[in-house]
Amino acid sequence: MDRLDAMRAFAAVADLGSFAEAARRLRLSPAAVTRAVALLEDQLGLMLLNRTTRSLKLTERGVLYLEACKGILSDVEEAGRRVRGENAAPRGMMVLAAPVFFGRLHVLPVVTRMLDEHRELSIRLMLSDRLVHLVEEGIDAAVRIGELADSTLVALKVGEVRRVVVAGPDYLAARDAPATPAALAGHDLIAFEGVDATDDWRFGQNERTSVRIEPRLTVNTADAAITAAEAGLGITRALSYQVDAALRAGRLCELLVPFVPPPMPVNIVYPQHRQGSANVAAFVTSARAHFRKLPMIGVASRRARPQNAAPK
């Protein structure tokens, strides 16, 4: 087994947490996979994996080597596609990642269209609200909302979203709507961990107004927070695309409109070594077309009454 094959074996073991599962994926014997990892460790002169009878974990050096291995293997595969002329049209497997709510609402339609248009293309769509590591997890492209911290990724802006504060009509029938951000202190608040990573809600164009919140209910999905607000349990903060349908239908009312913070960018990001990928290029093209037809920032605010007045 050569060095590249050994790297593939090590990456599979690290991803799956099992020599036996890695062997099944690679269609090798468990002994061959074990020998491959041992070969790498012997050549490097260090341990890549800590093994016990019940589990195995990457060592600190193993984590660094895994990231390097995945980058090398990805480059080798991309070089092969270019030489064979496979970048002429999308084909093979593409792995995409997106936040759960956004992915279901906006990325899945793009994926569906791509699969219809490119019969030789297969897509694995990973929906998760955690921040995924593209190179380490073998992801070709991802959608990220908010300012980007990783400058090593190529980023293409496809839209914007806003943070909005909303409540259901039943809740506002019983309680006066807050006229200022400070007035939130007297209300029942619903926090969504994905949007509310801290206990501060910021308002205004420069986000200088900060309100310390004490939620009565904290949930870990946007769906749950929005459903709770529609049921009249309190006020929540969400992203504009998440509540647009509920606002249009009158199930929610937008509050504190004069204090809305600046919009957040929505970007497609991908590793630099994927710039020549026909699959990624097709995804970017399809996503841009989708968002030109369906802008994300437009929220149908329910403003039939003043924002600081409860319905009678």
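The values are calculated or read from the model by the stated rules, or taken from the named source; none is laboratory data. None of these values were measured; they are calculated from a predicted model. Glycine gets a Cβ as well: all are built from the backbone with ideal geometry, and neighbour counts include every protein chain shown.
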Matching residues, segment 123-136, being of a type outside the set (Lys, Arg) and under 13 Å from the mean Cα position of the chain (by Cα): Leu125, Met126, Leu127, Ser128, Asp129, Leu131, Val132, His133, Leu134
Test: residue in segment 122-133 that is over 30 Å from Ile72 (Cα atoms), at pLDDT below 85 and exposed (fewer than 15 other Cβ atoms within 10 Å of the Cβ): no
Any hit, segment 226-248, residues being in contact (Cβ under 8 Å) with a residue 12 or more places away in the chain, of a type in the set (A, V, I, L, M), buried (at least 18 other Cβ atoms within 10 Å of the Cβ) and on the phi > 0 side of the Ramachandran plot: no
Residue among Val219, Val135 that is in contact with a Gly (Cβ under 8 Å, 6 or more places away or on another chain), among the aliphatic types (A, V, I, L, M) and at negative phi: Val135
Segment 212-224 residues that are under 25 Å from Gly186 (Cβ atoms) and of a type in the set (S, T, N, Q), paired with ones that are modelled with pLDDT of 90 or more and surrounded by 13 or more Cβ atoms within 10 Å (Cβ to Cβ) (beta carbon under 8 Å, 6 or more apart): Thr218/Ile190; Thr218/Ala191
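Between Gly159, Gly194, Gly232, which is of a type outside the set (Ser, Thr, Tyr) and at pLDDT 90 or above? Step through it out loud before you land on a result.
Details: Gly159 fails: at pLDDT 90 or above; Gly194 fails: at pLDDT 90 or above.
Sole residue among the options that is of a type outside the set (Ser, Thr, Tyr) and at pLDDT 90 or above: Gly232.
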Check on Ala167, farther than 21 Å from Arg237 by Cβ, in contact (Cβ under 8 Å) with a residue 60 or more places away in the chain and under 31 Å from the mean Cα position of the chain (by Cα): no
Matching option when the condition is among the charged types (D, E, K, R) and closer than 17 Å to Glu137 by Cα, among Arg24, Arg3, Arg8: Arg8
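Report yes if Leu44 is without any contact (Cβ under 8 Å) to a residue 24 or more places away in the chain and exposed (fewer than 14 other Cβ atoms within 10 Å of the Cβ), otherwise no. Quick ask: steps written out before the conclusion?
On the way: without any contact (Cβ under 8 Å) to a residue 24 or more places away in the chain: yes; exposed (fewer than 14 other Cβ atoms within 10 Å of the Cβ): yes.
Taking the combined requirement at face value, the residue satisfies it.
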Count - residues of segment 162-176 that are crowded, with 22+ Cβ neighbours inside 10 Å and either under 21 Å from Thr209 (Cβ atoms) or outside the structural domain of Glu254 (by TED's automatic domain parsing) (or both): 4
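List the strands (runs of 3 or more DSSP E) inside segment 116-202, counting only whole elements, that have at least 1 residues being closer than 30 Å to Lys70 by Cα.
Details: elements: 121-127, 141-145, 153-161, 163-167, 189-192.
Output list reads 121-127, 141-145, 153-161.
Might you check whether a residue that is acidic (Asp, Glu) and free of Cβ contacts under 8 Å to residues at least 60 places away in the same chain occurs anywhere in segment 67-82?
From segment 67-82, those acidic (Asp, Glu) are 67, 75, 77-78; that's our starting set.
Filter again for free of Cβ contacts under 8 Å to residues at least 60 places away in the same chain, leaving 77.
The answer is yes, given that some residue of segment 67-82 is acidic (Asp, Glu) and free of Cβ contacts under 8 Å to residues at least 60 places away in the same chain.
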Tabulated pairs, segment 145-161, first over 11 Å from Ile268 (Cβ atoms), second modelled with pLDDT under 80, C-beta under 8 angstrom, 6+ apart or interchain: Glu160/Met296; Glu160/Ile297; Val161/Met296; Val161/Ile297
Within segment 86-113, considering residues that are part of a strand (DSSP E or B) and closer than 22 Å to Gly276 by Cβ, the one modelled with the lowest pLDDT: Gly92
Scope segment 140-175; condition farther than 25 Å from Arg292 by Cα and either touching a Ser or Thr at 6+ places or on another chain (Cβ under 7 Å) or not hydroxyl-bearing (Ser, Thr, Tyr) (or both); matching residues: Ala149, Asp150, Val165, Val166, Ala167, Gly168, Pro169, Asp170, Leu172, Ala173, Ala174, Arg175
